[in-house]
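Beneath this line is the structure, given in structure tokens, with notes to follow.
The values are calculated or read from the model by the stated rules, or taken from the named source; none is laboratory data. Quick caveat, the model's predicted, so the values are computed rather than measured. When we count neighbours, we look across all protein chains shown, and the Cβ atoms used for this are built from the backbone with ideal geometry, even at glycine. Surface areas here come from the heavy atoms of the whole protein model, side chains and all, with no ligands, DNA or RNA. Shrake-Rupley method; radii C 1.70, N 1.55, O 1.52, S 1.80 Å.
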Amino acid sequence: PSNTSPRCISPSPPEIRKGKSGRLLRRPRQHYAVATVAEYCSAVHTATAVQAAVTALGKKDASAPDPNKFAPIEVVTSLQAQVKTLMDERAAGVVDQAIKSGKVPPANRDWAVAYHAKDPEGFAKFLEGQPAILMPGAKPGAKVETGDGALDADDMAVCSAMGLTPEEFTAMRKKEAV
């Protein structure tokens, strides 16, 4: 009789018979499809855990998600849009301030906004090392005023060529700047 129940842990005892010469022969042991104790216990434990998980899932109401764990997609999308708008406004403000301070040319505004939006810390480091290439209030291509009203060698050459005094030349320059 075949004993294949999973409760059978050891194989059947060997059968002993006599051979032709009269010697005792042992028939090899037959192994049945039986798991070891550890495998059997592991399978029982796994089956119990799976059954408990299935029971727990059956008890939960799948149509009502826990509001403490999830947020509606509309709220998340709205918040993402608001954060993007604030970040874009911040980038534009920082870049406009850099343009006013002469560290970024107005022609590079789009590039600077994109750079600040991508890497604000990197843009801040860029501005720290950037010299003022265009003084505040100056027009591109115009001569940079020192603010004290002093004329340099080029200005003095223009004064002498036009026959003007330094005061007349300074007054005419202020009138043209307006």
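See the values below:
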read-out	value
Restricting segment 61-92 to residues that are outside any helix (DSSP H, G or I) and surrounded by 10 or more Cβ atoms within 10 Å (Cβ to Cβ), the residue that is modelled with the lowest pLDDT	65
Residue that is modelled with pLDDT under 85, touching a Lys or Arg at 6+ places or on another chain (Cβ under 7 Å), exposed (fewer than 13 other Cβ atoms within 10 Å of the Cβ) and not hydrophobic (A, V, I, L, M, F, W, C), where the choices are 131, 136, 140	136
Inter-residue pairs, beta-carbon under 6 Å, first hydrophobic (A, V, I, L, M, F, W, C) and in segment 108-128, second open to solvent by 60 Å² or more (accessible area, probe 1.4 Å), 6+ apart	123/115
